[in-house]
Amino acid sequence: MKNKKLRAGSLLALGTLLLLTGLSFGLLSLKQPGDTEREDSRAGDKITVIALYPSVGTIKDLMTLRQNRLIDVPNLAVVGVYHEKEKTDYSKSKAFAAENGLDWITFHPISSPISAETVFQINDCTPEFEKIFARADGVIFFGGPDIPPYLYKEKTSLLTIIEDPYRHFLEVSFVFHLLGGYQDESFQPLLDQRPDFPVLGICLGCQSLNVGTGGTLTQDIWSEVYAAATVEDAIALGPPNWHSNPYAHLLPQDRFSGFIFHEIQFAGEGRFQKRIGWNRKDHPFIFSSHHQQAEKLGKGFRVIASSLDGKVVEAIEHERYNRVLGVQFHPEAWVLFDPDYQTRFTPQDKEPFGLKAYLEERPASLAFHQKLWAWVTRGWIETRRAGGQ
């Protein structure tokens, strides 16, 4: 009788365990797009990429890049990381992801305190940075507004517009944790553990890479580089020397694009151009909208591309970490690859035209964008295959 009770008790316990296990797996499977990513994203075969500033625009960029196979990674998982004190309403991003069935995008808000005084040191966000890095196969820092100059120890120009300081505190501090910098040369960067880990900075992201490692910025290219005091002065410089579209400021009623196409050139010693097999004689057209640039370079960086006149930095790469690249232009913009999108740049453009068609009519420029994203995604895949080690 005693043995029967024991067996009955054992069966009941086993049944309870199986029920609880089943419930646990059921709960895990209920994860929806927009839920916070807390568990280990590197489980299984997914390639996990961290996106700083996961706005609706950023998500649309990534979605369009995937649709056009510039990001050709079927098992991609994107985790949008942001600080809860940023001014962007990320509930819109979560709603957009859910409405479009983008179950490959999740979100990871950070609430730990951070300030201008703690950016370049071990701080309350450090454990989050370490956890995110350990789970990722790559990081992208996307574009955005001006970095507060006090983060690179300069006074603030009247032409610099500070809009979202907490975004910069988080992103610049993350760069410092990833790459180290002149601010504290005894600090051990996370990439010392994984020197081939891919980091891409786009526009503001390129500037964040530079400032995060101890570099500075030109606060206004028009006035500081070209001595242009007015919009009309900027227009007179000609399109090859425009890095944003001056007509968007002069004639806002005509709704010209704030972006512009212009050519860039590559330096001879760049690792990136050699790896993508780029001929230095080819000057690809890139899509650009910025008024600042890297000035004094951050620790470990070198310039690998510039404007045709050599006065504006267009791309930087890290000399020690093989897959750290910053580009001052926008190779990710969804408008470049959407055949239905049309715009005008100047009054000479009588009718709107397609930007995708513009690139397709310039095969070298289209090939450059394709090669850039192939190089980026190959880095993610190789990192995942290496197990992040």
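Structure data summary
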{"item": "Matching option when the condition is surrounded by 18 or more Cβ atoms within 10 Å (Cβ to Cβ), at negative phi and of a type in the set (A, V, I, L, M, F, W, C), among LEU237, LEU209, LEU159", "result": "LEU209"}
{"item": "Answer from VAL73, VAL81 - the residue that is part of a loop (DSSP other than H, G, I, E, B) and of a type outside the set (S, T, N, Q)", "result": "VAL73"}
{"item": "Extreme residue, surrounded by the fewest Cβ atoms within 10 Å (Cβ to Cβ), among residues of segment 130-156 that are basic (Lys, Arg) and closer than 28 Å to ASN322 by Cα", "result": "LYS131"}
{"item": "Residue match in segment 302-311 (condition: out of contact with any Leu (no Cβ under 6 Å at 6 or more places or on another chain), in a loop (DSSP other than H, G, I, E, B) and surrounded by 22 or more Cβ atoms within 10 Å (Cβ to Cβ))", "result": "no"}
{"item": "Residue list for segment 142-162, filter: assigned to a loop (DSSP other than H, G, I, E, B), of a type outside the set (Val, Ile, Thr) and closer than 15 Å to ALA116 by Cβ", "result": "ASP146, PRO148, LYS153, GLU154, LYS155"}
{"item": "Sole exception among (1) touching a strand residue (DSSP E or B) at 6+ places or on another chain (Cβ under 8 Å); (2) of a type in the set (Val, Ile, Thr); (3) over 20 Å from LYS274 (Cβ atoms) for THR346, by number", "result": "(1)"}
{"item": "Qualifying residue in segment 287-304 (condition: over 21 Å from the mean Cα position of the chain (by Cα) and within 30 Å of LEU190 (Cα to Cα))", "result": "yes"}
{"item": "Neighbours by Cβ (under 8 Å, 6+ apart or cross-chain): first from segment 66-79, closer than 19 Å to VAL56 by Cβ and touching a residue at least 40 places away in the same chain (Cβ under 8 Å); second assigned to a loop (DSSP other than H, G, I, E, B) and among the acidic types (Asp, Glu)", "result": "VAL79/GLU37"}
{"item": "Search result, residues across segment 312-333 that are of a type in the set (Val, Ile, Thr) and assigned to a loop (DSSP other than H, G, I, E, B)", "result": "VAL312"}
{"item": "Filter result for the condition that a residue is closer than 30 Å to TYR152 by Cα, of a type outside the set (Gly, Ala, Ser) and either modelled with pLDDT under 95 or exposed (fewer than 11 other Cβ atoms within 10 Å of the Cβ) (or both), over LYS87, LYS4, LYS31", "result": "LYS87"}
{"item": "Selected residue (criterion: surrounded by the fewest Cβ atoms within 10 Å (Cβ to Cβ)) from residues of segment 348-358 that are within 21 Å of GLY238 (Cβ to Cβ) and among the hydrophobic types (A, V, I, L, M, F, W, C)", "result": "PHE353"}
{"item": "Given (1) touching a strand residue (DSSP E or B) at 6+ places or on another chain (Cβ under 7 Å); (2) part of a loop (DSSP other than H, G, I, E, B), index of the condition GLU185 fails", "result": "(1)"}
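The values are calculated or read from the model by the stated rules, or taken from the named source; none is laboratory data. Just so it is clear, the structure is predicted and the values come from calculations on it, not from any experiment. Reconstructed Cβ throughout: ideal geometry from the backbone, glycine too, with neighbour counts over all protein chains shown.
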